[in-house]
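Trainee: One structure is given below, represented as structure tokens, and several questions about it will come after.
The values are calculated or read from the model by the stated rules, or taken from the named source; none is laboratory data. Predicted, not measured: the structure shown is a model, and the values here were computed from it. Here Cβ is always computed from backbone atoms with ideal geometry, including for glycine, and neighbour counts include all displayed protein chains.
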Amino acid sequence: MATIYAGPGKIFINSIALQPEGENGPINISINEETAQIATAMHGRVTEQLVDQTAEITCKPFDNWGSLATLFPARIGAKVGATAAALVIGGRPHGAADLATKVWTPDGRLYDAVRTAVVGHPSLHLGIGKALFGDVKVSVIGATGIAMGASGYLFTANAITESAAADPGGNMTMSDFIRGAWIGAWGAVTGFTAIEAEDEWTVETSVKYSALKVQGRTLAMKLDSVGFMAKVKPYGPTHTQITGIVGGHTQGQRLGSADLILTGPSSKTITLKNAELRGAGFNFGGTSLGTGEIGFVNEMQFTAGAPQSLIEFSA
């Protein structure tokens, strides 16, 4: 009988485990091959030629606050606990040394990707009954000094440990589980110092990378831009207060004003630095509340020419 591949797994990266959220929560590994078609006028497509080979590991992690330093590294302008932000546009997420990411299953299988980095940073969902993290993507590129097709290019020995692999580490814990109600405070702006969410706060993460290639082969990636935006259907501010803020925006105005501090369970905080309200709407009829979604975007600040943190997480 052929091997039946089924059952759960976990991701081990940067000395921590990412447990997939939800019953039957998935982890996906995809090996991607970019090809160029070879054709003639007389015959059309004749064959394909391999150009590049990369892989991705994706999952939606469980709500462990201790995962933040891995999911939001300092290089994207995030401050986590006492670790200061260190935004470097043009920086390379895979770093100078190979960092492995391992997927392990309880039946002893191990998928060991050699040169990896988190490049898909999750959105955040802040509300009762809402899983904290959105999807995470780990990029796998060719290992340092290994030619495409050689052993160990993407995965150790180009093979999977099919059985009896040891657990790489990272125990499941509920000690840092964070899921519950969050309250927002936007500076000292009247009506905006205790903003509740009708459903949830969401923090959208927009981080862009591009591949650095030689002869079509990905050798590295570089950071191009970073942005964060918080969204909510608010309960608290009046419609007059909301229109007063938005209606006071002038053409050409820079959108940056005061910190938006979100406070949640166990006094955890997420701070969107130097934020400004952007957009608004009002609803009538139906069964939802009458205040539409508002958003907060932030403006980068500098000290002695160095960019400061864009988002901050408490320890």
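Trainee: So which residues in region 5-35 are free of Cβ contacts under 8 Å to residues at least 40 places away in the same chain, more than 20 Å from GLU162 (Cβ to Cβ) and touching a Ser or Thr at 6+ places or on another chain (Cβ under 8 Å), if there are any at all?
Mentor: The answer is ASN32, and nothing else.
Trainee: Moving on. If you go through region 193-210, how many residues are crowded, with 17+ Cβ neighbours inside 10 Å, farther than 20 Å from GLY120 by Cβ and in contact (Cβ under 8 Å) with a residue 60 or more places away in the chain?
Mentor: Total meeting the criteria: 3.
Trainee: Shifting gears a bit: Considering only region 43-59, state which residues are assigned to a loop (DSSP other than H, G, I, E, B) and of a type in the set (Val, Ile, Thr).
Mentor: Matches in region 43-59: none.
Trainee: So which residues in region 23-42 are assigned to a loop (DSSP other than H, G, I, E, B), over 18 Å from GLY120 (Cβ atoms) and of a type in the set (Gly, Ala, Ser), if there are any at all?
Mentor: Of everything in region 23-42, just one residue is assigned to a loop (DSSP other than H, G, I, E, B), over 18 Å from GLY120 (Cβ atoms) and of a type in the set (Gly, Ala, Ser), namely ALA41.
Trainee: Would region 140-147 turn up any residue that is more than 22 Å from ILE16 (Cβ to Cβ) and in contact with a Ser or Thr (Cβ under 6 Å, 6 or more places away or on another chain)?
Mentor: no
Trainee: Could you count how many residues in region 60-84 are in a strand (DSSP E or B), out of contact with any helix residue (DSSP H, G or I) (no Cβ under 9 Å at 6 or more places or on another chain) and either β-branched (Val, Ile, Thr) or farther than 20 Å from ASN274 by Cβ (or both)?
Mentor: 1
Trainee: Now a separate question. Which one is farthest from LYS137 (Cα to Cα) among residues in region 95-116 that are under 19 Å from the mean Cα position of the chain (by Cα) and surrounded by fewer than 21 Cβ atoms within 10 Å (Cβ to Cβ)?
Mentor: Residue satisfying both the conditions and the ranking: GLY95.
Trainee: Also: Inspect region 37-48 for any residue being modelled with pLDDT of 95 or more, β-branched (Val, Ile, Thr) and surrounded by 18 or more Cβ atoms within 10 Å (Cβ to Cβ) and give the result as yes or no.
Mentor: no
Trainee: Going through region 111-132 one residue at a time, which ones are outside any loop (DSSP other than H, G, I, E, B) and over 23 Å from PRO234 (Cβ atoms)?
Mentor: Correct list: TYR111, ASP112, ALA113, ARG115, THR116, ALA117, VAL118, VAL119, GLY120.
Trainee: Right, something else. Could you list, in sequence order, the residues of region 211-248 that are of a type in the set (Gly, Ala, Ser), under 30 Å from VAL88 (Cβ atoms) and exposed (fewer than 13 other Cβ atoms within 10 Å of the Cβ)?
Mentor: SER225
Trainee: Kindly indicate which of ALA275, ALA188 is touching a residue at least 24 places away in the same chain (Cβ under 8 Å) and either assigned to a strand (DSSP E or B) or crowded, with 16+ Cβ neighbours inside 10 Å (or both).
Mentor: Unique residue meeting the criteria: ALA275.
Trainee: Sticking with this structure for a sec: Select, from THR161, THR190, THR173, the only residue that is touching a Leu at 6+ places or on another chain (Cβ under 8 Å) and modelled with pLDDT of 95 or more.
Mentor: Every option except THR161 fails the conditions.
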